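Worksheet for the structure shown next.
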C-alpha cells in the first residue's frame with residue numbers, strides 16, 4: 001500500500017493505489033480525480049481521514065507575535081520562541097520570520113489526528129511560510145509532524161520526527177491560485193524514524209534535504225512534482241527507501257553534489273568500492289560506490305556512499321555556507337549581498353544569511369563568509 005499525505009487542500013489525497021506502470025497511474029489518477037471532483041460538488045469543505053484539532057487543542061503564535069493562550073509553555077525572546085516543557089497540543093504559526101526552538105522538548109500527539117507544528121496560510125496577514133526555522137524539537141504521533149505550506153526560505157533543522165503518519169511535509173500554498181510552490185527550503189540534520197512517510201516534498205523547487213537520518217519508515221522520502229537536491233542523507237531500512245513520481249509528474253532531482261563529496265547512504269545498495277575518481281575508473285577505494293544507485297531511470301545517485309554519513313553537527317557545518325552545498329564561494333556572497341542591510345521583518349531578510357544571529361545582515365556576516373571563502377567539504 002502507498003499513501004499520499006497532503007493536508008493543505010480540500011482535495012486532500014489518501015492514495016491506497018499500488019501501480020507499476022505510468023499508464024496505470026494515469027488511469028488511476030484520472031479516475032480518482034473524476035470521482036473526487038463529483039464529491040466536491042456536494043460539499044464546500046471536505047477533510048478525509050484527518051480532521052483538524054479542536055480549538056482547545058491548538059496553541060497559536062498570532063500575527064502580532066503573541067502566544068495564545070499566554071499560559072502555553074513557550075517563551076518568547078523577540079522572534080525566537082522556545083519551548084519550556086513538553087506539549088501535547090498542536091502549534092499553529094500565523095507569523096513569518098521566526099525561529100521555533102524546541103529546546104529538546106517533545107510535541108506528542110498521542111496518536112490523534114492533527115499536525116504537530118504547522119503554518120496557517122489562510123489568514124489575511126500571511127500568504128505562505130516565509131523565513132521560518134523549526135529546530136531542536138521531538139515531534140511524535142501526529143498525522144503530520146511538521147507541515148509548512150508555501151514554504152519560502154524555511155529551515156527544518158535538528159529535529160526528531162518519529163511515529164507519525166507523515167513526518168515532514170513541505171508543499172505549495174493551496175490558498176493561492178495558482179498555488180505558490182515551496183522554494184528555497186532546507187530540511188537538514190533531522191532524525192526521521194518510524195513514520196509512514198518520512199519526508200515529503202510536494203511541488204517544491206530549489207529545496208534541499210541534507211544530512212538526515214531516514215530510518216525504518218514505510219516510505220523514507222516521497223518527492224512529487226518537485227525539483228530538489230538530496231545528499232548526505234542516511235536511508236536505512238525503510239520499506240521503500242524513496243517514492244518519486246518522475247517524468248509523469250515533472251520531478252527532476254539531484255541526488256549527489258559531485259565528487260568527492262558524494263551522495264547518500266543507502267542500506268540496500270549492493271555495489272562495491274574498488275575504484276575511485278569522478279568516473280570511478282581509477283584504482284583504489286574512496287568510500288563511494290563504483291556503480292550508481294538508481295532511484296528510478298530519471299533519479300540517480302551517481303556517487304552513493306559506502307558508509308553512513310557522520311553524525312550531524314549544528315548547521316551550517318561550514319560557517320558561511322549559506323546555500324548548503326558543501327562549499328563557500330561567490331554564490332554564498334551573492335545571497336548575503338541580496339539580503340544586505342536588512343533586518344528581521346524586512347522582506348529581503350534571509351535567516352540563513354544572518355550568520356551571527358543578531359537579526360541584522362551586515363558587514364559582519366560578509367566577513368564571516370570571507371574567513372572561510374573557498375573552503376569545501378563538510379565536517380563529520
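Among 95, 100, 91, which is buried (at least 20 other Cβ atoms within 10 Å of the Cβ) and in a loop (DSSP other than H, G, I, E, B)?
95
Scan (1) without any contact (Cβ under 8 Å) to a residue 60 or more places away in the chain; (2) under 11 Å from the mean Cα position of the chain (by Cα) for the single condition residue 188 breaks and write down its number.
With respect to (1) without any contact (Cβ under 8 Å) to a residue 60 or more places away in the chain; (2) under 11 Å from the mean Cα position of the chain (by Cα), residue 188 is out only on (1).
Would you mind stating whether residue 76 is in the same structural domain as residue 206 (by TED's automatic domain parsing) and in a loop (DSSP other than H, G, I, E, B)?
When the stated conditions are applied, residue 76 does not pass them.
Name the residue that is surrounded by the fewest Cβ atoms within 10 Å (Cβ to Cβ), counting only residues in the stretch 65-83 that are in contact (Cβ under 8 Å) with a residue 12 or more places away in the chain and over 22 Å from residue 155 (Cβ atoms).
73
Within the stretch 303-321, track down each residue that is part of a loop (DSSP other than H, G, I, E, B), at pLDDT 75 or above and buried (at least 19 other Cβ atoms within 10 Å of the Cβ).
Within the stretch 303-321, 303, 304, 309, 320, 321 qualify.
Just the residues that are more than 30 Å from residue 309 (Cα to Cα), out of contact with any helix residue (DSSP H, G or I) (no Cβ under 7 Å at 6 or more places or on another chain), modelled with pLDDT of 80 or more and part of a loop (DSSP other than H, G, I, E, B), please, taken from the stretch 324-380.
Selection gives 340, 341, 342, 362.
Can you confirm whether residue 82 is over 23 Å from residue 166 (Cβ atoms), at pLDDT 85 or above, in a strand (DSSP E or B) and in the same structural domain as residue 161 (by TED's automatic domain parsing)?
For residue 82, the condition - over 23 Å from residue 166 (Cβ atoms), at pLDDT 85 or above, in a strand (DSSP E or B) and in the same structural domain as residue 161 (by TED's automatic domain parsing) - is met.
Within the stretch 275-292, can one find any residue that is surrounded by fewer than 20 Cβ atoms within 10 Å (Cβ to Cβ), modelled with pLDDT of 85 or more and outside the structural domain of residue 159 (by TED's automatic domain parsing)?
no
Only one residue in 280, 241 is over 15 Å from the mean Cα position of the chain (by Cα) and part of a strand (DSSP E or B). Which one?
So the residue among 280, 241 that is over 15 Å from the mean Cα position of the chain (by Cα) and part of a strand (DSSP E or B) is 241.
The values are calculated or read from the model by the stated rules, or taken from the named source; none is laboratory data. What you see is a predicted model, and the numbers here were worked out from it, not measured in a lab. Note that we place each Cβ from the backbone using ideal geometry, even for glycine, and neighbour counts take in every protein chain shown.
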